[in-house]
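The values are calculated or read from the model by the stated rules, or taken from the named source; none is laboratory data. Remember, predicted model here, so these are calculated numbers, not experimental data. Every residue, glycine among them, receives a Cβ derived from its backbone with ideal geometry; neighbour counts consider all protein chains shown. Protein only, heavy atoms only, side chains kept; ligands, DNA and RNA dropped before computing areas. Shrake-Rupley method; radii C 1.70, N 1.55, O 1.52, S 1.80 Å.
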Amino acid sequence: MAVAVQQMKRVSGKNIATPKGFKAVGIHCGLKHKKHDLAVLLSEVPASVAGVFTTNAIQAAPLVVSKEVVQQTGQMQAVIINSGNANACTGKQGMIDALTMQEKTAEQLGIAANLVGVASTGVIGEKLNMEPLLAGIKQLQPTSTLEGSIQFSQAILTTDTVMKNTAYRMEVDGKEITIAGTAKGSGMIEPNMATMLGFITTDAKIDSVHLQEALKSVTDVTFNSITVDGDTSTNDMVLVLANGLAGNQPLTPAHPEWDSFIQTLHAVAQDLAKMIAKDGEGATKLIEVEVDGAISDAEARKIAKTVVGSPLVKTAVFGCDANWGRVIAAVGYSGASVDPLGITIKIGDTTVVTDGEPVNFSEEDLLLYLKQPEVKIFVGLNKGSGNGIAWGCDLTYDYVQINASYRS
């Protein structure tokens, strides 16, 4: 999907509470040793909501609660999030604890419980320590300040090394609307419906049915197009809340600004997806793989994601080794339709394969290129008009160290 950047403007500050009527905050309640670990996002009024969720058959209790709000209520006014514990694979007690989080957050904010989403992230299989969590909920006082949004972004992190925030503005019916997003994710990133945790807010007016349609239209080419380590979490979700306070006429596919809205939502989602891929556990480089000339866009994305997810490609990039054989091998086992004699491969601007044949190139020049923090690989197939892009990161010694001692 091409993003029409001339119809939108990126917003400095980049915080989740930039759209009208949103507030956020994050605090330390004691689930972690020192860092912020409890956050809440609040809309002044009930908002239309859309969500995409993990395809893992094992789904954490908070995800089940949030999915029910999205599918049965169609509105959401607040989301309560804790880090440090995923509340996944915790049996009946886990569901009781997730519902208790929902209920106590509603009481603290003075809203209906069925308007509260719940999200958790952290270690799987350990029950929540509810005493400090419930005490923390009583301290939550969301604000529209940048400080509150920064605290929110910090509180949802686990092994992330940086916060992930973005925001854009555009006009609908002459009214300025804002779409902002915050995400976390560093490992276990292999979404088929969503990413680790993503929260997007907008003051645009749009009903939940059309908001869900809009989110689904951008998910495949953003959150579904990243991979860090091939693992799909039990807690992956993306939620979009639209409270309508910008005052525009309701957005529908028939609205003249519908495409611009979709493009702006796409820009937010793509920013977050790339930030997640770049911040993969132990990563030193963002890898972007573009595939062109596939028989369909879906086939192109499939190939791109296979290449960027290949451990051998990822380690070659980490080692600054221009080993294009690993790339072409991944193309071949992707399961997509390819003609070996029609393949072109570029690393950066350097062509290394044409029509399936190796091309002489400067190893020294590519070594310098592969030392850069962002590496682009292009694969041309000459089979059709399909195009797709996927993002990932290199695979480093630190990834093994982080995940070998995650619970300690």
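Considering Cα pairs under 8 angstrom that are at least six residues apart, work out the relative contact order of the chain and quote it in whole percent.
18
Per DSSP H run of at least 4 residues, take -39500 (n - 2.57); add these up for the chain, divide by its residues and hand me the 222 nm value, nearest 500 deg cm²/dmol.
Estimated from H runs of four or more residues: -9500 deg cm²/dmol.
For Ala298 and Thr100 in one chain, what is 0.36 nm times their gap in residues minus the Cα-Cα distance, to one decimal in nm?
67.2 nm
Past 26 Å, Cα to Cα, is the threshold; run Lys92/Lys205; Lys127/Lys302; Lys34/Lys164; Lys67/Lys175 against it and keep the listed order.
In this structure, Lys92/Lys205; Lys127/Lys302; Lys67/Lys175 exceed 26 Å between Cα atoms.
Under the definition of Cα pairs under 8 Å and six or more residues apart, what whole-number percent is the relative contact order of the range 320-395?
Once divided by the residue count of the range 320-395, the mean separation gives 32 percent.
Under 10 Å from the Cβ of Lys138, count the other residues' Cβ atoms, weight Lys and Arg +1, Asp and Glu -1, and hand me the total.
Combined, the nearby Lys, Arg, Asp and Glu give 0.
Which whole-Hz couplings ³J(HN,Hα) result when phi for each residue of the range 309-315 is put into the Karplus expression 6.51 cos²θ - 1.76 cosθ + 1.60, θ = phi - 60°, listed in order with x for Gly and Pro?
Rounded to whole hertz, the list is x, 5, x, 6, 5, 4, 6.
Under a crude label model (7 Å from the Cα following the beta-carbon direction), how far is Gln7 from Cys320 in nanometres?
Those two pseudo-labels are separated by 4.3 nm.
Can you say what percent of the DSSP beta bridges in the chain, counting only those with both residues inside, are antiparallel? Round to 5.
Once the DSSP bridges in the chain are tallied, antiparallel ones form about 70 percent.
State, to one decimal in nm², a quarter of the convex hull surface area for the C-alpha atoms of the range 219-317, i.e. the direction-averaged projected area.
8.7
Using 0.36 nm per residue of separation minus the Cα-Cα distance, give me the extension gain between Val45 and Val64 in nm, one decimal.
4.5 nm
Could you give the accessible area per residue of the range 129-181, probe 1.4 Å, as a whole number in Å²?
With all protein chains present, the range 129-181 gives 44 Å² per residue.
Summarise the accessible area of the chain (1.4 Å probe, protein heavy atoms) by the percent that is carbon and sulfur.
Summing carbon and sulfur atoms, their accessible area is 50 percent of the total for the chain.
Estimate the FRET efficiency between Asn387 and Glu147 by the formula 1/(1 + (r/R0)^6), using the beta-carbon distance for r and 45 Å for R0, to the nearest 0.05.
E between Asn387 and Glu147, to the nearest 0.05, is 0.60.
Add +1 for every Lys or Arg and -1 for every Asp or Glu among the other residues with Cβ under 13 Å from the Cβ of Ala214, and state the total.
Charge balance near Ala214 sits at -3.
Which of the aspartates and glutamates could a cross-linker bridge to Lys138, judged by Cα under 18 Å and excluding same-chain residues fewer than eight apart?
Those aspartates and glutamates meeting the cut-off are Asp37, Asp97, Glu103, Glu107.
Just to verify a number: FRET efficiency for Gln71 and Glu107, C-beta to C-beta distance, R0 = 25 Å, to 0.05?
0.60
Where Lys and Arg each count +1 and Asp and Glu each count -1, what net charge lies around Gly21 among other residues with Cβ under 12 Å from its Cβ?
Charge balance in the 12 Å sphere: +1.
Quick one: 3J(HN,Hα) in Hz for the range 323-338, Karplus 6.51/-1.76/1.60 with θ = phi - 60°, rounded, Gly and Pro as x.
Listing the rounded values in order: 8, 5, x, 5, 5, 5, 5, 5, 4, x, 8, 5, x, 8, 7, 9 Hz.
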